[in-house]
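Participant: Quick one: this structure, given as structure tokens, is what I'll be asking you about.
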Amino acid sequence: MTKIFLYNTLTKKKEVFKPVKKKEATLYYCGPTVYWTQHIGNLRGSTCADLAVRVFRYNGYEVKYARNYTDVGHLSSDADTGEDKMEKRAKTEAITPNEIAEKYIHVYEQDVRDLNLLEPNFKPRATECVTEMIDMVKTLLDKGFAYQTKLAIYFDVTKAKKYTELSGQKLEDQISGAGAGEVSDPEKKHSADFVLWFFRTGSHANALQFWPSPFSSPAVENGNGFPGWHIECSAMSKKFLGETIDVHMGGIEHVPIHHTNEIAQSEAANGVKFANYWLHNEHLLANNTKMSKSQGTGFSLSEIKEKGFDPLALKYFFLGAHYRSKQNFTWEAMEAAQKGLEHLRNQVRQLMNDKKGGVVKKYQKQFFESINDDLNTPQALAILQALLKSDSKDADKLATALNFDQVLGLKLDTLVEQVIPEEIKLLAKDRDLARKAKNFSESDRLRAQLEDKGYVVEDGADGTRVYRK
């Protein structure tokens, strides 16, 4: 296997990937909170996780990939304050939280299909894994890492080893800094302590989603409550991938709170390292500002499609920037991405013939080096273009481009699978004859006829090429 280098947020440097188990890679991605349609910034994160899965598989690893759905416990603030996002949306739409989850999971799954993202091995919902969350909270209480108040069960961050290692923040600033005097629970020990389990009392007395638990509180019956957001990913990751995983991915915004808390509670409960490599994608901006629904820039994939863009043009746009770089979305950039994707498709179509080619090793080596250098897709696309402009045989170029597309996921193989009917082949042949005879009116008429039948016509040195629109 070729070495894979990944930038690890935990160590702040690029490292050689060394799996927990030989030839196997376990990867967990913090999936969406399904209270609303995901904007394309969220979809960029999903695409980055898919890219990592594809790179590992391209390198011969068996990949176990989990991408979760948060359908309870994520409050309007990542720091355990505000209203549950699922319940807030449920009230707005006058349906149940479960119906909200079903509705927006359906939208998200259509989006990821449109982007040609691979199906994960596991797609757990938080509400399906509450038992595992309760077990982990109980373990943390038993080990002395957590404590209970009348309102909730908290993780005591002062008990965690290297609590701020991922974020690089100073723990004393988090405990005694801004907001320390604004803690809504007077029994909470430190402002940075985070909730593992909310009791159905206080501001959550009317919570729509709640479960019985073994935790007793004088304010509720049967320990009724719901899990905190952070414990959910720790429990689901452990259930489906094991106590120590290879790679954990998510957006850069998760570093200071969510992922920091995941590490603390997982390692305290399990007694082993949680994840060996932490990969974080940067933000997608809109017109050089943060994407915002209120500002009308929280664009969805359906909006992209409604404007006539191919969803894969958005994916092509994503691939044009490194995942750790901020990327700026504009409609002009989308138009350029659409043209770039169409140009690539046309290049591939021009390579079609009956001959079977082989992968050009020179370019494959360069491609490996680029994608294995911290998932460098801009460089990978440049190598693909260098291949297509090279003097390699067409059949070999085609075989190599399709090989690269195992990582890029642009569905180039569907171009090859097109079967051109005999009627269309004959019309194209007649058009060639008309062009050679300089009968341009007849040539134009036949072009129009082909286009009316749903085919794009290209003229090249070797004659007319046609393919489906």
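Laboratory data are not the source of any read-out in this text; all were calculated from the coordinates shown. Since the model is a prediction, treat every value here as computed from it, not as a measurement. In this analysis, Cβ positions are derived from the backbone assuming ideal geometry, glycine residues included, and neighbour counts consider all displayed protein chains.
Participant: Which order results if LEU408, LEU27 are arranged by neighbouring Cβ count within 10 Å, fewest first?
Facilitator: So the ranking, lowest neighbour count to highest, is LEU408, LEU27.
Participant: As a quick test, which of the pairs LYS365/LYS397; LYS21/LYS361; LYS339/LYS425; LYS389/LYS438; LYS143/LYS238 have an alpha carbon distance above 20 angstrom in this structure?
Facilitator: Numbers: LYS365/LYS397 14 Å; LYS21/LYS361 29 Å; LYS339/LYS425 26 Å; LYS389/LYS438 30 Å; LYS143/LYS238 18 Å.
Check vs 20 Å cut-off fails for LYS21/LYS361; LYS339/LYS425; LYS389/LYS438.
Participant: Next question, about the same structure. Could you give the dipole magnitude of the chain about its Cα centre, charging the beta-carbon of Lys and Arg +1 and that of Asp and Glu -1, in debye to the nearest 20?
Facilitator: Approximately 1460 debye in magnitude.
Participant: Take peptides 254-264, 378-388 and line them up by average Cβ neighbours within 10 Å, highest first, as a rough protection proxy. Walk me through the intermediate numbers first.
Facilitator: Numbers: 254-264: 23.4, 378-388: 18.1.
So the order, starting with the most tightly packed, is 254-264, 378-388.
Participant: What full-extension length gain, to one decimal in nm, is calculated for LYS356 and THR131 as 0.36 nm per residue of separation minus the Cα-Cα distance?
Facilitator: On the way: separation 225, 0.36 × 225 = 81.00 nm, distance 5.36 nm.
My answer for the length gained is 75.6 nm.
Participant: Over 23 Å between Cα atoms: which of LYS22/LYS239; LYS293/LYS326; LYS85/LYS239; LYS315/LYS393 fall into that group?
Facilitator: Details: LYS22/LYS239 20 Å; LYS293/LYS326 19 Å; LYS85/LYS239 25 Å; LYS315/LYS393 28 Å.
In this structure, LYS85/LYS239; LYS315/LYS393 exceed 23 Å between Cα atoms.
Participant: Radius of gyration and Dmax for region 223-368's Cα atoms, expressed in Å?
Facilitator: Looking at region 223-368, its Cα Rg and Dmax stand at 21.1, 69 Å.
Participant: Next up: Write down Rg/Rh for region 285-416, rounded to two decimals, with Rg from the C-alpha atoms and Rh from the Kirkwood relation over Cα pairs. Could you put the intermediate results ahead of the total?
Facilitator: Numbers: Rg = 16.3 Å, Rh = 15.9 Å.
Radius of gyration over Kirkwood radius for region 285-416 works out to 1.03.
Participant: When the distances between all Cα atoms of region 422-468 are binned every 5 Å from zero, what whole-number percent does each bin get?
Facilitator: 5, 26, 38, 23, 7, 0
Participant: Also: Taking the Cβ of each residue in VAL72, VAL34 as the centre, tally the other Cβ atoms inside 10 Å and list the residues starting with the fewest. Provide the component values of the computation, followed by the final result.
Facilitator: Working: VAL72 29, VAL34 26.
The fewest-first ordering by Cβ neighbours comes to VAL34, VAL72.
Participant: I've got another one for you. Which of the trypsin sites (Lys or Arg not before Pro) across region 17-93 are loop residues per DSSP, with 12 or fewer other Cβ within 10 Å? Kindly include the intermediate steps, with their values, before the conclusion.
Facilitator: Details: sites: LYS21, LYS22, LYS23, ARG44, ARG54, ARG57, LYS64, ARG67, LYS85, LYS88, ARG89, LYS91; in loops: LYS22, LYS23.
Here the sparse-neighbourhood loop sites are LYS22, LYS23.
Participant: For region 5-281, what is the Kirkwood estimate of the hydrodynamic radius, computed as the reciprocal of the mean inverse distance between distinct Cα atoms, to one decimal in Å?
Facilitator: Values: mean 1/r = 0.0521 Å⁻¹.
In region 5-281 this quantity evaluates to 19.2 Å.
Participant: Please state the equivalent ellipsoid semi-axes for the chain: what are the square roots of 5 times the Cα gyration tensor eigenvalues, largest first, in whole Å? Present the calculation step by step, with values, prior to reporting the outcome.
Facilitator: Details: eigenvalues 508, 120, 64 Å².
Output for the chain: semi-axes of 50, 25, 18 Å.
Participant: Something else about it: Run the numbers on the chain and let me know its relative contact order in percent, using alpha-carbon pairs under 8 Å that are six or more apart.
Facilitator: 16
Participant: A further question on this structure: Out of all DSSP beta bridges with both ends in the chain, state the antiparallel percent to the nearest 5.
Facilitator: Details: 27 of 49 bridges.
Counting only bridges with both partners in the chain, antiparallel ones make up about 55 percent.
Participant: Give the shape of region 106-221 as rounded, prolate or oblate, defined through the alpha-carbon gyration tensor: a ≥ b ≥ c are the square roots of its eigenvalues, a/c under 1.5 means rounded, and otherwise the shape is prolate if a/b is larger than b/c and oblate if not. List each step's numbers first, then the result.
Facilitator: Details: a/c = 1.92, a/b = 1.34, b/c = 1.43.
Oblate, since a/c reaches 1.5 and b/c is not below a/b.
Participant: How big is the shadow of the Cα convex hull of region 57-167, averaged over all directions, in nm²?
Facilitator: 10.6
Participant: I've got another one for you. List, largest first, the extents of the alpha carbons of region 154-271 along their principal axes, each in whole Å.
Facilitator: 39, 38, 25
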